[in-house]
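Notes follow the structure.
The values are calculated or read from the model by the stated rules, or taken from the named source; none is laboratory data. The shown structure was predicted, so the numbers you read here are calculated from the model rather than taken from an experiment. Here Cβ is always computed from backbone atoms with ideal geometry, including for glycine, and neighbour counts include all displayed protein chains.
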Amino acid sequence: MKFNRRSFLAGAGVIGAGAFTSYYADWTAADAAAERQPLRMPPLIDARKEGNAVALHVQAGTTEFFPGRASASLGYSGSYLGPSIRVYQGDDVEIAVTNTLNEDTTVHWHGLLIPAELDGGPHRIITAGNVWRPALPIRQPAATLFYHSHVHGRTGVQVYSGLAGLLLVTDEAERALALPSEYGVDDLPVVIQDRQFADGLMVVPQGMMTMMQGRRGNTILSNGTPNATARVPNRLVRLRLVNGSNARIYDLSFSDNRTFHWIASEGGLLDRPISVSSLTLAPGERAEVLVDFSNGQAVSLKTAPDTNMPMMTGPLAKARNFAKEILGGQGETVLQFDPVGGHGAPSKIPERLVERPRADPSKANTRRRFVLNMGMGGMGMGGMMGGGTDSGGGMVINGRPFDMNRIDEKVRLGDTEIWEVSGEMMSHPFHIHGVQFEVLSRNGGKPILRDAGTRDTVVIRAPVELLVHFNQPAEIAPFMYHCHILEHEDNGMMGQFRTI
Ligand SMILES: [Cu+2]
């Protein structure tokens, strides 16, 4: 992945060369320091062992992503990311969140089905020095959920700096399946994030290109570890893959092209495992998979090159394609696995997982349409390039940027609706708070394999029909729906609804 600055400038032409070079200049920095590091494991907090009262401290600190190089970062009760919190279906769990930062924050429980006033969206600000104590009713099936900052306008920076962690819901049906579930041993959370490093230090990309594409970086971290290696037992291992990146979509596969088994979507376990050799994961999406390491061979989880860039014409398109050619390369290693103990006994994959009631499309009487747009068409290149550095180029849904004081949609509590969502310029991960949904169709045709199961986030471009069931109240506070490219969200690609 070497990158020649002069030839890149030539490709960029005249317009926008400055923006491109500042964005890409350090793109190759991290490769040089490719020393393997053991995969870091977020501490596990079992809520029941804490009497269902958990404390989280939002704090600033420093993290040595690379040995001896201390980067400024944020974390929950730690310097980067937060503990994995195991919660049990049927329990009420109080989480006391103390904000020790010098700025506002919020904690959104992404994927948790709870009333809107507990959801931790942009309205539920925790000001500096204050504590928020939501009592979260855990009523949904086992799933891997993702808590993170959602403070409007600063979500991108705060999550990038480290404000994210996992909430692991468990229930009896899951435990009865005897899936690998020894945390950190054969049940591994893997939070995948790309971050920009210069000289071994994490830097926060800024500027117009960053706002358009979303913050990306030259280094892939797994649980905050660059060049990570996981030692795993020589048997079946569960990976809870979480895309915690601000903007990048990963197309994951193993270096030996082995088959693995997708067992849970964002909403929880599928009805049966689906054998795959690759899996796409957009920001905010999660997938639990079973991987058989019984052949004892080292193997790497890899991603295909990053190709989700805004569609452009003219000199910017040339520069973009040029960047893709140079930077795309052969893809990258996300995480290496070193099985311990040589050859093991081959693993058995369960044939069935769980049966869950499904929403009935014939009950959906209301259809709403949402178009996620980047508003570049109307502005023209000159306007876009000449705008403020962080203007973001007019991120909107249905032509309107987010307004905290405007309720965009009102839904009847208990209803099932069809939401038809499409995105322009590039692929966008669309997330709806307080619901789970199923994909009914894609671009007028059948859903793809990856659309199986219930979910709260889905990557869209051509129109996708979602069957959404609304069973959480949003009277005191609204719920959000938005693009999960965090810079798009921060710059207005978000709306809000009430359920009444
Ligand atoms: Cu977007």
Selection over the stretch 159-173 where residues are under 18 Å from residue 268 (Cβ atoms) and either modelled with pLDDT under 95 or crowded, with 21+ Cβ neighbours inside 10 Å (or both) yields a count of 4
The condition from (1) among the charged types (D, E, K, R); (2) surrounded by 23 or more Cβ atoms within 10 Å (Cβ to Cβ); (3) in contact with a Phe, Trp or Tyr (Cβ under 8 Å, 6 or more places away or on another chain); (4) over 24 Å from residue 252 (Cβ atoms) that residue 456 misses is numbered (4)
Self-check item: Residue within the stretch 427-448 that is in contact with a Phe, Trp or Tyr (Cβ under 6 Å, 6 or more places away or on another chain), within 25 Å of residue 215 (Cβ to Cβ) and either basic (Lys, Arg) or away from the ligand (no atom under 12 Å from the Cβ) (or both) present
Solution: yes
Condition set over 18 Å from residue 187 (Cβ atoms) and in contact with a helix residue (DSSP H, G or I) (Cβ under 9 Å, 6 or more places away or on another chain), scope the stretch 286-306, selection surrounded by the most Cβ atoms within 10 Å (Cβ to Cβ): answer is 306
Counting only strands (runs of 3 or more DSSP E) entirely within the stretch 423-474, those with at least 1 residues that are modelled with pLDDT of 95 or more and small (Gly, Ala, Ser) are 436-442
From the option list 72, 135, 55, 116, single residue qualifying as out of contact with any Phe, Trp or Tyr (no Cβ under 8 Å at 6 or more places or on another chain) and under 23 Å from residue 478 (Cα atoms) is 135
| task | Could you please let me know if residue 476 is among the hydrophobic types (A, V, I, L, M, F, W, C), touching a residue at least 60 places away in the same chain (Cβ under 8 Å) and crowded, with 22+ Cβ neighbours inside 10 Å? | result | no
Within the stretch 411-419, does at least one residue satisfy the condition of being small (Gly, Ala, Ser), under 24 Å from residue 143 (Cβ atoms) and out of contact with any Asp or Glu (no Cβ under 8 Å at 6 or more places or on another chain)?
yes
Taking the stated definitions as given, is residue 251 more than 15 Å from residue 281 (Cβ to Cβ) and surrounded by fewer than 23 Cβ atoms within 10 Å (Cβ to Cβ)? no
In the set 420, 409, the lone residue that is more than 16 Å from the ligand (Cβ to nearest atom), at pLDDT 95 or above, closer than 26 Å to residue 214 by Cα and not aliphatic (A, V, I, L, M) is 420
Among helices (runs of 4 or more DSSP H) entirely within the stretch 116-214, at least 3 residues that are of a type in the set (A, V, I, L, M, F, W, C) and in the same structural domain as residue 336 (by TED's automatic domain parsing) occur in 208-213
When restricted to 52, 130, 99, the only residue modelled with pLDDT of 95 or more and either under 19 Å from residue 435 (Cβ atoms) or surrounded by 20 or more Cβ atoms within 10 Å (Cβ to Cβ) (or both) is 99
When every residue in the stretch 204-244 that is of a type in the set (D, E, K, R) and closer than 30 Å to residue 180 by Cβ is compared, the one farthest from the ligand (Cβ to nearest atom) is 235
Looking at the stretch 231-243, can you tell me whether even one residue there is buried (at least 20 other Cβ atoms within 10 Å of the Cβ) and either among the small types (Gly, Ala, Ser) or part of a loop (DSSP other than H, G, I, E, B) (or both)? no
Over 24 Å from residue 479 (Cβ atoms), within 16 Å of the ligand (Cβ to nearest atom), touching a strand residue (DSSP E or B) at 6+ places or on another chain (Cβ under 7 Å) and not polar (S, T, N, Q): does that describe residue 452? no
Note on residue 12: of the conditions (1) small (Gly, Ala, Ser); (2) surrounded by 20 or more Cβ atoms within 10 Å (Cβ to Cβ); (3) over 25 Å from residue 160 (Cα atoms); (4) modelled with pLDDT of 50 or more, unmet is (4)
